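None of the figures in this text is laboratory data; all of them are computed from the coordinates on show. Keep in mind it's a predicted model, so treat the numbers as computed, not measured. For neighbour counting, all protein chains shown are included, and Cβ atoms are generated from backbone atoms with ideal geometry for every residue, glycine included.
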Amino acid sequence: MPTIQIKTSLTEYIRWYLIPTVRILIVADGPIGLDNSAGFSLGKVIDTLESESFYANVRFSITGATRAGSQNIITTATSKQFKYTGFKFNMPGFNINNYHQVWFFGFDPGNDASPDDSRIDNISSANPNPLKDPAEINILSTWMDSNKGGVLAIGDHHYLGASLCSKIPRVRKMRRWTNADHVPSISGPDRHDTNQDKIGSGVIPFDAQSDDLPQHIEVLKKRYAEYVFRTTAIPHPILCGATGVIDIFPDHPHEGEVLGTLYDTGRDGTPVDLTGNYPGGTPEFPNAISGPGKPEPQIIALGHPLNNPRLEKNQVSNTLNPTHTNSSAPFGLVNVYDGELAGVGRVVTDSTWHHWFNINLIGLDSPATADKYKKIQNYYTNVAVWLCNKTLRNSILTTWVWAYLVREFDPMRFSIHDSIWRLGINARDVLGRTASQCTVYEWIRIYIPELVNVFELPQKSPCLTCPPIDVFEIAMLGGIMKQMIPLVEKYRIPEKFNRQSVNVQEINSAVHRGITLGYEELLSTFKESIERTTHLFDIAQKSFKRETLDLQLEIKTLRLKVELESILFNSPIFYSLIHDKQDPFIVVSVSNGFSRLNPAPIKVYLREPGVNENRTLLFKINHTIIEDIFQDGEILLIEMYLNDELYQERNKIFETILSGEVTSWIGAHSPVINELSKQNLSVGVWLTVSESKSNS
């Protein structure tokens with residue numbers, strides 16, 4: 001059972017407010033900064049992490065490091081200043097074990113169109129400091145494996161970011177970093193252009209990346225059994241926001257691409273090569289701790305480029321090559337590697353740091369677009385929480401529950417006398433208002449990782465006895481609440497409340513007991529449900545009557561004959577089409593609304609017409625078009641076509657429908673001559689329906 005690790009002061013006691021700290025090292029190179037300038041800086045992301053707007057019971061401590069400049073440590077640096085310059089993982093005074101996560105934002109070797117990768121390790125700029133030294137990489141890989149350190153790594157189009165990121169274990173295979181990896185170009189047909197057209201001018205300016213119109217992204221969701229014939233589609237926790245699915249990102253004219261299988265199916269996409277070892281023989285992608293195979297990177301969202309040549313920088317190429325358009329094929333936008341399943345750290349990569357930079361956020365950070373901006377901010381905080389190791393995530397869950405009960409305790413909502421199920425439902429609702437329910441479930445599944453796959457669809461058939469997936473979450477949250485409430489009541493002594501100190505181990509023990517209590521309640525309820533289902537099965541098996549039942553249905557049928565008596569062409573337009581042709585004919589189709597009742601076209605020849613001064617044509621036909629058995633409720637659709645055996649709609653000249661009781665069909669069906677003239681109808685048809693005397 002994971003234990004809570006919360007840093008305390010000199011004693012083993014702290015005040016009642018418990019807040020775990022997640023320490024993040026941001027490593028950048030080139031011109032990337034941390035301040036609030038409008039360019040390639042991360043100030044708005046840092047503001048989001050430090051705002052407590054999403055995870056109020058977590059503190060994100062940010063430290064900056066840049067590969068640029070001479071090697072130095074600035075102890076007074078703030079979160080928006082680089083503490084380390086000329087940074088290396090093996091520099092004196094630095095210890096990677098002081099951090100839970102490392103976020104890499106790489107720019108070098110720079111923005112040029114070099115067709116090869118020669119500059120990645122030999123940067124011809126003022127910052128010749130690529131991450132290639134085996135000593136540095138060994139420090140990083142050991143920390144990723146032993147400390148379960150979380151890594152975020154991002155570049156952009158072409159090989160931007162390759163100098164910093166293309167040799168990091170696992171990261172190097174999760175994203176296209178180099179020309180050799182076929183990284184998307186800056187302006188070619190393979191360019192991933194997601195810039196949106198806000199003004200509808202047909203030509204989108206490059207600076208549209210800074211406006212208030214983000215791109216819509218395709219969020220991939222796994223389907224789980226919810227109830228017998230109901231399923232629920234759940235995105236990855238990183239894209240599951242407090243207000244709903246995070247389905248928008250800042251846009252940009254040329255993004256990179258991440259790799260992996262697709263999160264919703266576990267296949268397709270561009271799978272990552274999981275083979276290969278570190279120096280010394282350790283597998284780069286280890287086997288799963290439980291179950292066969294290796295956990296693999298998965299794409300959790302796709303981007304959809306616009307493919308019309310309408311950007312400023314495309315105009316020259318389009319003039320030279322008018323057929324040039326950008327690819328509209330979907331591409332990997334964000335991917336994840338859940339290394340925890342293999343006993344190592346987690347990894348996230350993104351197609352571009354333009355999803356994170358101030359230059360892409362300045363148009364969204366306004367009261368008018370607050371809802372959009374909040375979704376995008378929630379993405380940053382979700383990444384920071386998901387990359388935590390399981391001990392940190394357990395601390396976050398525990399302190400979240402504790403903080404709510406202490407600060408906003410509501411005896412009407414949370415009572416020690418309530419059942420575990422009621423407490424769990426209420427706790428899930430409360431926590432889901434700030435952290436998404438996907439994130440809460442992510443914390444709970446620490447204790448039940450093997451059970452998740454049981455609910456994942458597709459399944460061959462619905463599980464009639466399986467509980468919905470959220471009962472595990474509800475049961476264990478309810479158990480935690482059941483054990484926490486007496487402890488909270490103990491510490492909420494009115495005269496001591498503002499100065500009360502809390503024993504952290506006491507809280508940890510309460511969570512441990514609560515998880516166990518909730519799980520035991522779940523298993524007990526599950527066992528009882530199985531017994532009831534077994535009893536129901538026995539009753540169902542015995543009660544089914546296998547006798548054949550006679551159907552007492554009265555079906556009224558008649559055998560009818562439908563004859564075409566005459567047809568009038570009430571327009572001079574038909575004169576040249578019919579009168580002047582040798583052996584003119586029409587084609588009749590008869591159907592019941594579902595299928596044709598005449599397998600072959602019924603060809604009716606038009607002979608010896610009567611002609612008046614208006615050059616209209618009247619033909620006496622007397623042709624039986626169908627003789628068959630009909631029943632009440634059927635319809636009879638009769639259609640006629642002119643000189644066309646293929647029944648083309650443009651050649652249809654007449655249709656009528658007989659419906660209702662079949663006895664009502666019997667009789668003459670004649671047009672009203674006056675109505676033909678008044679309504680300017682071109683064709684009139686005389687039909688007769690009679691009861692057939694045939695015995696066949």
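Values for this structure:
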| read-out | value |
| --- | --- |
| Cut-off under 5 Å, modelled amide H: who pairs with I625 long-range | V562, E563, L564 |
| Relative intensity, log₁₀ I(q)/I(0), of the stretch 557-691 from a Debye sum that treats every alpha carbon as a point, q = 0.23 Å⁻¹ | -1.53 |
| Cut-off 17 Å (backbone N to label point 7 Å along Cα→Cβ of T142), residues of the stretch 66-105 | 88-100 |
| For the stretch 279-291, 3J(HN,Hα) per residue [Karplus equation, 6.51 cos²θ - 1.76 cosθ + 1.60, θ = phi - 60°, Hz, x = Gly/Pro] | x, x, x, 6, x, 5, 10, x, 5, 5, 5, 10, x |
| Long-range HN-HN contacts of D35 with modeled amide H, under 5 Å | L42, G43 |
| Alpha-carbon centroids, the stretch 146-205 and the stretch 228-296: separation in whole Å | 16 |
| Local electrostatic count, T142, Cβ distance below 12 Å [Lys/Arg +1, Asp/Glu -1] | -1 |
| Residues with amide H under 5 Å from that of F104, placed H, sequence gap 5 or more | V27, L152, A153, I154 |
| Reciprocal mean inverse distance between Cα atoms of the stretch 582-621 - Kirkwood radius, Å | 12.2 |
| Efficiency of FRET between I73 and R413 - r from beta-carbon atoms, R0 51 angstrom, step 0.05 | 0.55 |
| Formal net charge of residues neighbouring D35 (Cβ-Cβ distance under 11 Å; K, R +1; D, E -1) | +1 |
| Packing rank of 168-174, 133-139, 156-162, where each peptide gets the mean count of other beta carbons within 10 Å, highest leading | 156-162, 168-174, 133-139 |
| Positive minus negative residues near F630 (Lys, Arg vs Asp, Glu; Cβ under 14 Å) | -3 |
| Exposure proxy order (Cβ contacts within 10 Å, fewest to most) of C438, C240 | C438, C240 |
| Exposure proxy ranking, count of Cβ atoms within 10 Å, fewest first, for L341, L568, L397 | L341, L568, L397 |
| Stretch gain in nm, segment S543-N122, where the contour uses 0.36 nm per residue and the Cα spacing is subtracted | 143.5 nm |
